[in-house]
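Q: Sharing a structure, written as structure tokens. Questions coming.
The values are calculated or read from the model by the stated rules, or taken from the named source; none is laboratory data. Since the model is a prediction, treat every value here as computed from it, not as a measurement. Quick reminder, even Gly has a Cβ in these numbers, built from the backbone with ideal geometry, and neighbours come from all protein chains shown.
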Amino acid sequence: MDKLFLVSFLGLLITHAVGGNMLYDKFNILGELEDLDIAEEDMELFEGPSWISERGGKVLVNVDSFGAVGDGVSDDTEAFRKAWNTSCSTSKSVLLVPPGRRYLVNATRFKGPCEERLVVQIDGTIVAPDEPNDWDANLPRNWLVFSKLEGVVFQGNGVIDGSGSKWWASSCKKNKSNPCRGAPTALTIDSSSSIKVKGLTIQNSQQMNFVISRCESVRVSEVQVSCPGDSPNTDGIHITGSTNVVLQDSKIGTGDDCISIVNASSGIKMKRIYCGPGHGVSIGSLGKDNSTAVVTKVVLDTALLRETTNGVRIKTWQGGSGYVRGVRFENVRMEDVANPIIIDQFYCDSPKTCQNQTSAVQISQIMYRNISGTTKSKEAMKFACSDTTPCSNIVLSNINLEKKDGTAETYCNSAQGFGYGIVHPSADCLSSNDKGYILIDHKENSELAEPSRDHIVHTEL
Ligand SMILES: *[C@@H]1O[C@H](CO)[C@@H](O)[C@H](O)[C@H]1NC(C)=O
Ligand SMILES: *[C@@H]1O[C@H](CO)[C@@H](O)[C@H](O)[C@H]1NC(C)=O
Ligand SMILES: *[C@@H]1O[C@H](CO)[C@@H](O)[C@H](O)[C@H]1NC(C)=O
Ligand SMILES: *[C@@H]1O[C@H](CO)[C@@H](O)[C@H](O)[C@H]1NC(C)=O
Ligand SMILES: *[C@@H]1O[C@H](CO)[C@@H](O)[C@H](O)[C@H]1NC(C)=O
Ligand SMILES: *[C@@H]1O[C@H](CO)[C@@H](O)[C@H](O)[C@H]1NC(C)=O
Ligand SMILES: *[C@@H]1O[C@H](CO)[C@@H](O)[C@H](O)[C@H]1NC(C)=O
């Protein structure tokens, strides 16, 4: 955001100032949201040549040397476990899953801590057994779990394939007469720090594809996630209890959220993300079963969402507590997206209806900037906030969302905010309970904002 514009915007604010303190707060919030960034400096670990050019100093641990067959039929679980133990206890080792083969591996926990500089090089395909009835009862919610690692790189052109079709068919979302039970996550990285994941494909997961839980400093790039658009609860990348995570240059198509960020996560940056099919990029759901959730400092910068059921979403259940604060969604192109911009504090993903309650996860300081494209639903922007815990300081700038028949509109319930630049469809409803304090008028706006006319075509707020 250019400073010039900020200055002219400040000028505008002063011209219209009604309450000095409120003005100050608003300007502060705007500045904070504008500047919100997540440090992306590469950790020392991530520099230097790849393992191939360094091979001299590396110890290669090939799963084939431990008896893996790689024919997609033989059980290679034991070979993988042994290879893991060897590479984990050897410094500078490369655990290699060679290309051109399919390794059938059961649910397994690959535990650290390991010796320094471990690389997990996945070039072949790892497949899960496909029969839910034979799944390991000790790991009902996981397939491949890596935990307690520090400074580990996962890379390669390989595939992690959850063989999920039977799990999907047995989901209660597919057939109401099925019991509702959880299914495994294909890849989990848990309780780890300084982790890099690059290039892998994760597909056909039983449920969530890739979970990052209780981690600190994770870099994910050039990852592909692929599941059918109708596969139930197959979130692409799910982040929970984690801080300082950067996801970039990744393409996600799935049957649930492309990315979901939940409780105790902070400092999450996503950039150059493609999403579709799927349910969009979500913060939440949060606050289920009266739980407390906190999510702060999230930035999505540059994304294309195509034919998804939501665009950028924040979803919370009635009865929760905690807060979501400091979020910026920017430079997003929407193509035929239902609910391109949505805050839903009445989220209810349960067979029975959820009653409204007096508490809710509080949502504030959410900025949407340069978001354009086509909406499939009439409500291009929907701010459905709790009556008792209103959303505050929603900032809109340069929004242009259109429905083919030209009927796009904005819905607000208990939501307060402001906007500048183009805001289409207009979002007057955000300022209606804002005591008329910042109503930027079209004409004055274009006069006052002379230095940055390109940015401000007109304002409807
Ligand atoms: C790997 O190491 C763990 C911990 O030392 C041990 O319990 C397990 O039996 C080992 N597994 C294999 C396959 O060697
Ligand atoms: C993998 O799972 C199958 C099916 O439950 C089981 O028969 C087999 O023994 C497991 N393999 C290992 C190495 O545990
Ligand atoms: C749903 O599951 C029931 C019981 O397993 C089965 O009889 C029925 O055919 C299934 N329905 C569909 C649409 O698959
Ligand atoms: C949310 O995260 C906090 C901090 O890690 C934790 O204490 C709390 O139990 C978590 N809540 C839920 C619902 O998981
Ligand atoms: C959540 O709190 C409400 C209000 O106190 C209560 O009626 C409800 O049973 C609680 N729900 C759960 C899942 O604990
Ligand atoms: C607005 O977002 C689109 C889509 O990501 C991008 O192509 C364009 O460069 C952005 N415009 C500005 C001024 O940043
Ligand atoms: C909950 O409150 C919202 C907003 O006031 C309202 O639209 C919705 O109908 C209510 N839901 C229930 C189940 O009462």
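Q: Do we have any residue at all in region 314-321 that's away from ligand 3 (no atom under 16 Å from the Cβ), under 20 Å from PHE418 (Cβ atoms) and more than 17 Å from the chain's Cα centre (by Cα)?
A: no
Q: Whether any residue in region 271-281 is modelled with pLDDT of 95 or more, small (Gly, Ala, Ser), more than 16 Å from ligand 1 (Cβ to nearest atom) and in contact with a Lys or Arg (Cβ under 8 Å, 6 or more places away or on another chain) is what I want to check.
A: Yes.
Q: Against the condition within 16 Å of ligand 2 (Cβ to nearest atom) and out of contact with any helix residue (DSSP H, G or I) (no Cβ under 8 Å at 6 or more places or on another chain), how does PRO140 come out, does it pass?
A: Spelling it out, PRO140 is indeed within 16 Å of ligand 2 (Cβ to nearest atom) and out of contact with any helix residue (DSSP H, G or I) (no Cβ under 8 Å at 6 or more places or on another chain).
Q: Restricted to region 103-127, and to residues that are more than 13 Å from PHE80 (Cα to Cα) and among the hydrophobic types (A, V, I, L, M, F, W, C), which residue is farthest from ligand 6 (Cβ to nearest atom)?
A: The extreme case among them is CYS114.
Q: Restricting to region 190-214, count the residues that are part of a strand (DSSP E or B) and not charged (D, E, K, R).
A: 11
Q: Can you pull out every residue in region 336-357 that is of a type in the set (D, E, K, R) and touching a residue at least 40 places away in the same chain (Cβ under 8 Å)?
A: Listed by number, the residues that qualify are ASP336, ASP344, ASP349.
Q: Check off (1) in contact with a helix residue (DSSP H, G or I) (Cβ under 6 Å, 6 or more places away or on another chain); (2) within 16 Å of ligand 6 (Cβ to nearest atom) for VAL332 and give me the number that stays unchecked.
A: That leaves (1) as the condition not met.
Q: Output the number of the condition that THR353 fails; it satisfies all remaining conditions of (1) within 16 Å of ligand 6 (Cβ to nearest atom); (2) modelled with pLDDT under 95; (3) of a type in the set (Ser, Thr, Tyr).
A: Failed condition: (1).
Q: Based on what the data block shows, is GLY326 touching a helix residue (DSSP H, G or I) at 6+ places or on another chain (Cβ under 9 Å), surrounded by 16 or more Cβ atoms within 10 Å (Cβ to Cβ) and at pLDDT 95 or above?
A: When the stated conditions are applied, GLY326 passes them.
Q: Right, here's the next one. Residue pairs, Cβ under 7 Å, 6 or more apart or interchain, first in region 253-281 and closer than 12 Å to ARG306 by Cβ, second basic (Lys, Arg). List them.
A: Cβ pairs passing all conditions: TYR274/LYS251; GLY276/ARG306; GLY280/ARG313.
Q: Of TRP168, TRP135, which residue is farther than 21 Å from LEU200 by Cα, in contact (Cβ under 8 Å) with a residue 60 or more places away in the chain and surrounded by 18 or more Cβ atoms within 10 Å (Cβ to Cβ)?
A: TRP168
Q: Out of everything in region 128-148 that is of a type outside the set (A, V, I, L, M), within 12 Å of ASN106 (Cβ to Cβ) and part of a loop (DSSP other than H, G, I, E, B), what residue ends up being nearest to ligand 7 (Cβ to nearest atom)?
A: Across region 128-148, the extreme among qualifying residues is TRP135.
Q: Yes or no: region 93-102 includes at least one residue that is at pLDDT 95 or above, surrounded by fewer than 17 Cβ atoms within 10 Å (Cβ to Cβ) and in contact with a Lys or Arg (Cβ under 9 Å, 6 or more places away or on another chain).
A: no
Residues are listed down the side, and each one gets a yes or a no for (1) in contact with a strand residue (DSSP E or B) (Cβ under 6 Å, 6 or more places away or on another chain); (2) of a type in the set (Asp, Glu); (3) within 9 Å of ligand 1 (Cβ to nearest atom):
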| position | (1), (2), (3) |
| --- | --- |
| TRP84 | yes, no, yes |
| SER93 | yes, no, no |
| PHE110 | yes, no, no |
| PRO113 | no, no, no |
| GLU116 | no, yes, no |
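Q: Of the residues THR308, THR302, which single one is within 16 Å of ligand 6 (Cβ to nearest atom) and at positive phi?
A: So the residue among THR308, THR302 that is within 16 Å of ligand 6 (Cβ to nearest atom) and at positive phi is THR302.
Q: What's the number of the only condition in (1) surrounded by 24 or more Cβ atoms within 10 Å (Cβ to Cβ); (2) of a type in the set (Ser, Thr, Tyr); (3) not in a loop (DSSP other than H, G, I, E, B) that SER217 fails to meet?
A: SER217 satisfies every listed condition except (1).
Q: Only one residue in SER321, SER377, SER285 is farther than 23 Å from ASN233 by Cβ, in contact (Cβ under 8 Å) with a residue 12 or more places away in the chain and more than 16 Å from ligand 6 (Cβ to nearest atom), so which one is that?
A: SER321
Q: Further, regarding this structure: Report yes if THR296 is within 26 Å of ASN356 (Cα to Cα), among the β-branched types (Val, Ile, Thr), free of Cβ contacts under 8 Å to residues at least 40 places away in the same chain and assigned by TED's automatic domain parsing to the domain that holds LYS173, otherwise no.
A: When the stated conditions are applied, THR296 does not pass them.
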